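The values are calculated or read from the model by the stated rules, or taken from the named source; none is laboratory data. Bear in mind the structure is a predicted one, so any value in this text is a computation, not a measurement. Reconstructed Cβ throughout: ideal geometry from the backbone, glycine too, with neighbour counts over all protein chains shown. Quick note on the areas: whole protein, heavy atoms, side chains included, nothing else; ligands and nucleic acids left out. Shrake-Rupley method; radii C 1.70, N 1.55, O 1.52, S 1.80 Å.
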Amino acid sequence: MTQAFRIENGGLINKDKKLSFKFNGKTYFGYEGDTLASALLANGVHLVGRSFKYHRPRGFFGAGVDEPYAVVQLYRNGETEPNIKATEQELFEGLEAKSVNCWPSVNFDIGAINNFLRIFLPAGFYYKTFMWPKSFWYRIYEPFIRKAAGLGVASTKHDKERYEHKYEYCDLLIAGSGPSGLAGAYAAAKNGAKVILAEDKPRFGGSLLTSDVNIGNQSGKDWAEGIIAELKTMPNVVVKNRSQIFGYYDHNMLVMSEKVSDHLPSTKKYHPNKRLWYIRAKEVLISSGSIERPIVFGNNDTPGVMLSSAAKEYLKVYGVLVGRKPLVFTNNDSGYETAIEFKKHGVDPVVLDSRKNPESEIIDEAKNLGINIKNSYVVVAAQGYKKVKSADIASISEDKKQLGKIENIQCDCICVSGFWTPTIHLASQSGNKTKFKEEIDAFVPGQSKQNEITLGAANGVFSLEETLKTSFTAGSELSKKITENDNKMAIPNVVEKKSSQHDKFWCVPLPKGKNYKRFLDFQNDVAVSDVEIALREGYRSIEHVKRYTTLGMATDQGKTSNLNGLQLVSEIENKVVPAVGHTTFRPPYTPVSIGAIVGREVGKHSKPTRKSPMHSWHEKNNAVFVDAGVWLRPRYYKRGNENLFEASKREAKNVRTNVGVCDVTTLGKIDVKGPDAAELLNRVYTNGWLKLPVGKARYGVMLREDGIVMDDGTTTRISENHYHMTTTTAQAANVLSHLEYYLQLVWPELNVNVVSTTEQWAGAAIAGPKSRDLLQKLFPNSDVSNEGLPFMGYMEGDLFGVKARIFRISFSGELAYEVNVESDYGNFMWEKIVEFGEEFKIQPYGTEALSTLRIEMGHVAGSELDGRTIPFDNALEGLVSKKKDFIGKRSLQRSAFIAEDRQRIVGVVPLDKQTSIPEGSHLVKDDKAPLPNPKLGHISASCWSVEYDNPFSLAILKDGKNMIGQKLFAMSPLKNKVIPVEIVSSHYVDPKGERVRS
Amino acid sequence: MLYINCPHCGMRSQNEFSYGGDASVKRPELNKEISDNEWDDFVYNRKSLRGKHLELWQHISGCRQWIKVERDTSTHEIFRTFKANEEIA
Ligand SMILES: [Zn+2]
């Protein structure tokens, strides 16, 4: 197929490189440097999609970031991405795209019937219609809306692309490489400032690429190229194209999304698809330009109706005619520039100007070229369904209320210019309170909030001369503050045509008897009539009107619709626009890929993985691992075809009968040192610590100030002023912060230092009746007898030349020890334990067996210390000192905490001694009671008791103290189980604790 | 993301810090008789100010020091930062 709308000469594309691509299954050709939009237009394709609500045919409206219609599903390198703007997607060989929001095809769309039923789809339609019956929502309404109204479809496959994050600092960050951005960057760079210049398009230069101006002795475009080339050679400057600054956050942190690979058929090896830049800038220059705004008229959404600036850009940048019989509809001089470009390429445009008698250099040029100009004329309605075929036009009275006789003229496109709207999003995001500028009928930035300045068209200044002057000056001044250099430079001369005042006219009245849809928001199908309904129904705040009508809420965030919406509300409400106020601009300015936001933090990179020094041994011995926070811990060691249940039972049983070894490296360890260490512990723990002798360990519980248990663990007095504290794996970091808080802020007079030693020590728990025999073999020169190393004793030992710490502590409830060596010797220690343990039938055990052992002993862990329980609830009130004060003690007097029927830990056994009780089950008195069935407590942990060979659980139960012997039901609606149970003591095995002391 | 001047380390991004609440709260002395109301004020009751607020942050991924930050809760402007036990005028 030939590119029938491509002009012979002109455009910035590379005509030496032809590219083939597919759209809706059909093959076309374009050139390197095209966007998907320009390539389709070159092929005369204007129909690209269907609208959101009425499924009306949609074409191209803009040529860049402001595009509301041309959203496609993109296929690249075997992957698919939804909601890509065809006006932003650069063409590459083999690109494939499809229309979205149409079914079965863009040419015949069943949803278009909504167009004829539109009387039923006014503002607030979704709110009004899909409210009831409630049960219909998930089954009927939601799937219907999704299918009928969805944009693209997200891929369900794993994303193979890589995304990067980068942190950067600079003196001056510049958003936009138009005349203002280039001048500011150049001046600042010459002063030695570190500058980042960001441009969202592939080409630098902004408006200079399409405007007919001269700077110095060159065309604007050549001047821009020269500046960029020089900036690229400067070591203090980073220039980035395809990079959109989409968010302006606190303290001059801006975020930029760089499309590294989207313009290529596939991402290069080791390259990311996108790179997200977090930039902390000392100063920010916002030179984001302006976006042309539409004039509202009948059927103004018909394909072929587009912004006049877009038509000019397609012609000057891409060498594409958007039509051969163009009608230009304007209220200012910009439309003439487009008409002149058409004329220069041998196409005869007709210009309709709503103004009565405008005069300017540009208009003179158009007249001299013989362009047909009709003053005081407007487009009443576009005609044609899938493409503009003609236009109904009419003269308009000076007060813009009366239309003359309607005429129909042939045309194949309507290029609209309703003047310019500064792009103030970034300034507004920074906290700048914007102000309404009467002369341009638009908002501009007001007082700077952060270190930001907005210049050029983004600041409502449309004269190139003034833009260059202010931007060169700003670049110099801002950089001078930072670098203290002051390289004066001459501001180049500018040749530009003067323009005349625009017309405040923005909406064509409906002719008598006609009911054309006049759209404000093209992506969300919000018409003038919808806003009128919203106001009639009593919506006043612009924020409410926005949400009720969805005006400006589509993916284009109303870039072309906001101001016209405000104009309409202000007219109906008879208020001035600034009194209506605009809705808040929030990041992101344009949609950002979720992948870019997530960056590398996916899969196993989403958090660090911590492994103990014995990890490789566990791997070699068939350990099945479980995530414990960021740690990987062996859950069980699989033998043959064993499952989790069988293996953990075997491992736990072996601890009870012989001896087992468990990797406890992950426990938090904190060195507490200093003359006041004992005093600190005494304030932090609920029990007393002032009399603990050297060489002894003690179990302690620490509370938060609100009386809730924070953590538990043993702390050992290594020497006079040195304690070794252990915490649970999960709370290690919090406990350290907690101690630092009290030492630095509350009790700075305490002479104590704390430091984490978790990673410095490898730990192995040796547990079981034969553990002492094994220990004696490992430490033949130490007296590890019950007298030499009694329960809660500590000693140092020599493990075949390696210094070891030996603690006689037990979590399993068996006779047990914990041996610590420096991490580097962890594997050596472990191998020795296994080697010498062989004769005692040692087996390694994982976290599952560890849980079983502690549960049937009634030892509490994270599932009981869950941030909702006090010492009493965990049967730990014996550890709460009555004599001394400690963190959280005062809270324990709260009435709920001393209530007679306070919750307390209990044991739970199923009556049938067979059915395991799911963790989280609720305990209730009557399993048949009507809902909501009063809950007495919940199952916190469950195991299969290896001691009694039946299921056993722990529960936190209301009035648990007086419930022993009661029969209740454990109910788990999630698992659909109701289990009759008996409440027993939480100390199911060895209630007197004789084994640990044996 | 806030940019916080750690008095020990210099300007660092917020993601190196963790927030610690109102810095004006003073823990009652140990072993002191104290009413329910006073204790509740210490543990639970916070003003949730709009405007200038002295708050605690810990430079958790840096020097691990707790610091005090004078910040406007509505604009996020940071006026001054202090070491844990610095006198605040
Ligand atoms: Zn610091």
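Please enumerate, by chain and number, the aspartates and glutamates with C-alpha under 17 Å from the C-alpha of A:Lys925, excluding those fewer than 8 residues away in the same chain.
A:Asp901, A:Asp959, A:Glu982
Along Cα→Cβ, 7 Å out, is where each label goes; now give me the distance between the ones at A:Ala229 and A:Lys928 in nm to one decimal.
Placing both labels 7 Å along Cα→Cβ, they lie 9.2 nm apart.
Considering only DSSP states other than H, G, I, E and B, which trypsin sites (Lys or Arg not before Pro) in the stretch A:853-887 qualify as loop sites with at most 10 other Cβ atoms within 10 Å?
On the way: sites: A:Arg854, A:Arg868, A:Lys882, A:Lys883, A:Lys884; in loops: A:Arg868, A:Lys882, A:Lys883, A:Lys884.
Hits after loop and neighbour filter: A:Lys882, A:Lys883.
Name the residues of the stretch B:29-43 whose accessible area falls by at least 50 Å² when all protein chains are present instead of the chain alone, probe 1.4 Å?
B:Leu30, B:Trp39
DSSP loop chymotrypsin sites (Phe, Trp or Tyr not before Pro) in chain B with at most 13 other Cβ atoms within 10 Å of their Cβ, which ones?
Details: sites: B:Tyr3, B:Phe17, B:Tyr19, B:Trp39, B:Phe42, B:Tyr44, B:Trp57, B:Trp66, B:Phe79, B:Phe82; in loops: B:Phe17, B:Tyr44.
Taking chain B and a limit of 13 other Cβ atoms within 10 Å, the loop chymotrypsin sites (Phe, Trp or Tyr not before Pro) found are B:Tyr44.
For every helix of n ≥ 4 consecutive DSSP H residues, a contribution of -39,500 (n - 2.57) applies; sum these over chain B, divide by its total residues, and give [θ] at 222 nm rounded to the nearest 500 deg cm²/dmol. Provide the component values of the computation, followed by the final result.
Details: 1 runs with 8 residues, N = 89.
Here the helix-only value at 222 nm equals -2500 deg cm²/dmol.
For helix A:732-741, report the angle its Cα long axis makes with the longest principal axis of the Cα atoms of chain A; keep it between 0 and 90° and round to the nearest 10°.
90
Lysine pairs, Cα distance under 23 Å, 8 or more residues apart or cross-chain: how many in the stretch A:513-604? List each step's numbers first, then the result.
Values: A:Lys517/A:Lys546; A:Lys517/A:Lys559; A:Lys546/A:Lys559; A:Lys546/A:Lys575; A:Lys559/A:Lys575.
Within the stretch A:513-604, the lysine pair count is 5.
Label points 7 Å out from Cα along the Cβ direction at A:Asn976 and A:Thr27: separation in nm?
Placing both labels 7 Å beyond Cα along the Cβ direction yields 5.5 nm.
What whole number of Å gives the distance from the Cα centroid of the stretch A:423-493 to the Cα centroid of the stretch A:151-174?
That distance is 29 Å.
Would you mind working out the accessible area per residue for the protein assembly as shown, using a 1.4 Å probe, and quoting it in Å²? Display every interim value, and only then the final one.
Working: 46900 Å² over 1087 residues.
That works out to 43 Å² per residue.
Go ahead and run the numbers for FRET between A:Asp885 and A:Asn721, Cβ-Cβ distance against an R0 of 25 Å, rounding to 0.05.
On the way: r = 23 Å, r/R0 = 0.90.
After rounding to 0.05, the efficiency reads 0.65.
Express the relative contact order of chain A as a whole percentage, based on alpha carbon pairs under 8 Å and six or more residues apart in sequence.
On the way: 2327 pairs, mean separation 87.7, N = 998.
Computed over chain A, the figure is 9 percent.
For the stretch B:78-88, just list the computed ³J(HN,Hα) in residue order, Karplus coefficients 6.51, -1.76 and 1.60, θ = phi - 60°, integers in Hz, with x standing in for Gly and Pro.
Calculated HN-Hα couplings, in order: 9, 8, 8, 10, 9, 5, 3, 10, 5, 5, 10 Hz.
What longest region of chain B stays clear of GluC sites (Glu not before Pro) that DSSP places outside H, G, I, E and B and that have at most 16 other Cβ atoms within 10 Å?
Details: sites that count: B:Glu29, B:Glu33, B:Glu77, B:Glu86, B:Glu87.
Counting at most 16 other Cβ atoms within 10 Å as exposed, the longest clean stretch of chain B is B:34-76.
Please list B:Cys9, A:Cys943 in order of solvent-accessible area, largest first, computed with a 1.4 Å probe with all protein chains present.
Working: B:Cys9 50, A:Cys943 15 Å².
Of B:Cys9, A:Cys943, the descending order of accessible area is B:Cys9, A:Cys943.
What range in chain A is the longest one free of GluC sites (Glu not before Pro) that are in a loop by DSSP and have at most 15 other Cβ atoms within 10 angstrom? Don't jump to the answer; show the numbers that get you there.
Working: sites that count: A:Glu8, A:Glu93, A:Glu359, A:Glu398, A:Glu484, A:Glu537, A:Glu601, A:Glu720, A:Glu749, A:Glu787, A:Glu900, A:Glu994.
Result, exposed sites excluded: A:94-358.
May I ask what percent, to the nearest 5, of DSSP beta bridges between residues of the protein assembly as shown are antiparallel? Before the final figure, lay out the partial values.
Values: 155 of 202 bridges.
Antiparallel bridges make up about 75 percent of those DSSP assigns within the protein assembly as shown.
Computing the accessible area with a 1.4 Å probe over protein heavy atoms, can you report the carbon and sulfur percentage for the stretch A:726-797? Working shown, then result.
On the way: 1370 of 2870 Å².
Carbon-and-sulfur percentage of accessible area, whole number: 48.
Give me, ordered by chain and number, the residues 5 or more places off A:Phe443 or on other chains with an amide H under 5 Å from its own placed amide H.
Those qualifying (amide H under 5 Å, at least 5 residues apart or on another chain) are A:Lys437.
Just give the residues from the stretch B:1-28 buried by at least 40 square angstrom of accessible area in the all-chains context relative to the isolated chain, probe 1.4 Å, and say none if nothing qualifies.
When all protein chains are present, B:Met1, B:Tyr3, B:Arg27 each give up 40 Å² or more of accessible surface.
Show me, for the stretch A:166-183, the HN-Hα J-couplings you get by feeding each phi into the Karplus relation (A = 6.51, B = -1.76, C = 1.60, θ = phi - 60°), rounded to Hz, glycine and proline as x.
Result, ordered by residue: 9, 9, 9, 10, 8, 7, 9, 9, 10, 9, x, 10, x, x, 5, x, 5, 5 Hz.
Kindly provide the helix-only [θ] at 222 nm of chain A, computed as the sum of -39,500 (n - 2.57) over DSSP H runs of four or more divided by all residues, to the nearest 500 deg cm²/dmol?
Numbers: 23 runs with 210 residues, N = 998.
Estimated from H runs of four or more residues: -6000 deg cm²/dmol.
Can you send over the carbon and sulfur percentage of the accessible area for the stretch A:640-711, probe radius 1.4 Å, protein chains only? Kindly include the intermediate steps, with their values, before the conclusion.
Values: 1300 of 2300 Å².
Carbon and sulfur together cover 56 percent of it.
Just to be sure I understand the interface: list residues from the stretch A:863-889 that lose 40 Å² or more of accessible area between the chain on its own and the complete protein assembly, 1.4 Å probe.
A:Asp885
For the stretch A:219-291, state which trypsin sites (Lys or Arg not before Pro) are in a DSSP loop and have at most 13 other beta carbons lying within 10 Å of their beta carbon.
Details: sites: A:Lys221, A:Lys232, A:Lys240, A:Arg242, A:Lys259, A:Lys268, A:Lys269, A:Lys274, A:Arg275, A:Arg280, A:Lys282; in loops: A:Arg242, A:Lys268, A:Lys269.
When the trypsin sites (Lys or Arg not before Pro) of the stretch A:219-291 are filtered for loop state and at most 13 Cβ neighbours within 10 Å, A:Lys268, A:Lys269 remain.
Order the following by accessible area, largest value first: A:Lys967, A:Lys160. Probe radius 1.4 Å; ligands, DNA and RNA are ignored.
On the way: A:Lys967 120, A:Lys160 140 Å².
Accessible-area ranking of A:Lys967, A:Lys160, largest first: A:Lys160, A:Lys967.
With a Förster radius of 35 Å, plug the Cβ-Cβ distance of B:Phe42 and A:Thr584 into 1/(1 + (r/R0)^6) and report the FRET value to the nearest 0.05.
On the way: r = 38 Å, r/R0 = 1.08.
For R0 = 35 Å, the calculated efficiency reads 0.40.
Am I reading the A/B interface right? What is its buried accessible area, both sides, 1.4 Å probe, to the nearest 100 Å²?
Working: alone 42950 and 6460 Å², together 46900 Å².
What A and B bury together is about 2500 Å².
Got a number for carbon plus sulfur as a percent of the stretch A:417-463's accessible area, 1.4 Å probe? Intermediate values should be presented prior to the final figure.
Working: 840 of 1700 Å².
Summing carbon and sulfur atoms, their accessible area is 49 percent of the total for the stretch A:417-463.
Relative to the longest principal axis of chain A, what angle (0 to 90°, nearest 10) does the C-alpha long axis of helix A:826-837 take?
It is inclined by approximately 40 degrees.
Estimate the FRET efficiency between B:Glu29 and A:Gln893 by the formula 1/(1 + (r/R0)^6), using the beta-carbon distance for r and 25 Å for R0, to the nearest 0.05. List each step's numbers first, then the result.
Values: r = 17 Å, r/R0 = 0.68.
The pair B:Glu29/A:Gln893 has a calculated efficiency of 0.90.
Number of Lys-Lys pairs in the stretch A:294-418 under 12 Å by Cα, sequence gap 8 or more or different chains? Spell out each step's value before the answer.
Values: A:Lys312/A:Lys343; A:Lys312/A:Lys344; A:Lys316/A:Lys344; A:Lys325/A:Lys343; A:Lys325/A:Lys389; A:Lys343/A:Lys367; A:Lys356/A:Lys374; A:Lys356/A:Lys400.
For the stretch A:294-418, qualifying lysine pairs total 8.
Students sometimes get this wrong: rank A:Arg635, A:Arg586 by accessible area, probe 1.4 Å, all chains present, largest first. Display every interim value, and only then the final one.
On the way: A:Arg635 80, A:Arg586 130 Å².
Of A:Arg635, A:Arg586, the descending order of accessible area is A:Arg586, A:Arg635.
Can you give me the solvent accessible area of A:Ser953 with a 1.4 Å probe, rounded to the nearest 10 Å²?
0
Run the dipole for chain A about the Cα centre, Lys and Arg Cβ at +1, Asp and Glu Cβ at -1, nothing else charged, and hand back the magnitude in debye, nearest 20.
On the way: 129 positive and 116 negative charges, 395 e Å.
The calculated dipole for chain A is roughly 1900 debye.
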